[in-house]
Amino acid sequence: MSLTYRTLRGPDVTTALDDLAQLRITVFRDWPYLYDGSLAYERSYLASYVDNPRAVLVAAFDGDRLVGASTGSPLLDHADDFAKAFATSELSFDQVFYCAESVLLDGYRGQGAGHRFFDARESHARDLGYATSAFCSVIRPDNHPLRPKDTRSHDTFWRGRGYAPLPGVVAEFNWKDVDQAQSTQKRLQFWGKAL
């Protein structure tokens, strides 16, 4: 299964929007996000990538099928969501590029897509003049009842790319887990690196 990659910006994102929304729902349903998502929410969330010339979507295709994607945009574009998390950070909020998510169907993992996703987003961030790249990952307890026995952390991969947890930079979001009746608050740890 050979993957091809395309970097999409602005109106070009529109063509991949529905497939990306479904892909996010599928991948984020698994550990560790356990997200019980809806197409309506995903479409609304992803629309911000269409209207933002500084945002980027890196798409991985198997033929014409979207099987993976990664998004990014300036952290400033997410100020309402993340300003509180960065309130005590020494980082200048307006100099951080946010690598929002990387999603890839299970059968396509282990072929280098993760590196391609980060390479493309970091390059885009440098082209825009950003000094720092950051992302966040959900914090789940080791004894969570839905944690798979054979799961492994992405920490080694992230550290290998030069990222490290940003001390005290933790965001809080609500979403509905697959095994819950209603939304609950989740904590997400930010990781960052100088570009």
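The values are calculated or read from the model by the stated rules, or taken from the named source; none is laboratory data. Predicted model, so just to flag it, every value in this text is computed and none were measured. Here the Cβ is made from the backbone with ideal geometry for all residues, glycine too, and neighbour counts use every protein chain on show. Just so you know, the surface numbers come from the protein's heavy atoms only, side chains and all, with ligands and any DNA or RNA stripped out. Shrake-Rupley method; radii C 1.70, N 1.55, O 1.52, S 1.80 Å.
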Assuming R0 = 30 Å, what is the FRET efficiency of T151 and D127, from their Cβ-Cβ distance, to the nearest 0.05?
-> 0.30
Taking springs between alpha-carbon atoms closer than 10 angstrom, which of A120, A47, A171 fluctuates most in the Gaussian network model of the chain?
-> A47
Just need the relative contact order of the range 1-99 here, percent rounded to a whole number, with Cα pairs under 8 Å and 6+ apart.
-> 29
Under 20 Å by backbone N from the virtual spin label 7 Å along Cα-to-Cβ at T88, the residues of the range 149-171 are 164-171
The range 4-194 - percent of accessible surface contributed by carbon and sulfur, probe 1.4 Å | 48
Say we join alpha carbon atoms closer than 10 Å with springs in a Gaussian network model of the chain; which of P53, P141, P32 then has the biggest fluctuation?
-> P141
Probe 1.4 Å, heavy atoms of protein chains only: per residue, the accessible area of the range 31-162 in Å² is 52
Computed curve, the range 4-194, Cα-only Debye sum without solvent term, log₁₀ I(q)/I(0) at 0.09, 0.13 Å⁻¹, is -0.31, -0.69
Could you work out the Rg to Rh ratio of the range 22-119, with Rh taken as the Kirkwood radius (inverse of the mean 1/r over all Cα pairs)?
-> 0.98
Mind checking the full-extension length gain between D30 and A79? Use 0.36 nm per residue of separation minus the Cα-Cα distance, one decimal, nm.
-> 14.9 nm
Normalised by the number of residues in the range 4-194, what is the relative contact order in percent for Cα pairs under 8 Å and 6+ residues apart?
-> 22
Mean separation of Cα contacts under 8 Å (6+ apart) over length of the range 43-90, as relative contact order % = 25
Scattering profile of the range 11-69 from the Debye formula, Cα beads only, expressed as log10 I(q)/I(0) at q = 0.14, 0.20, 0.31 Å⁻¹, is -0.39, -0.77, -1.29
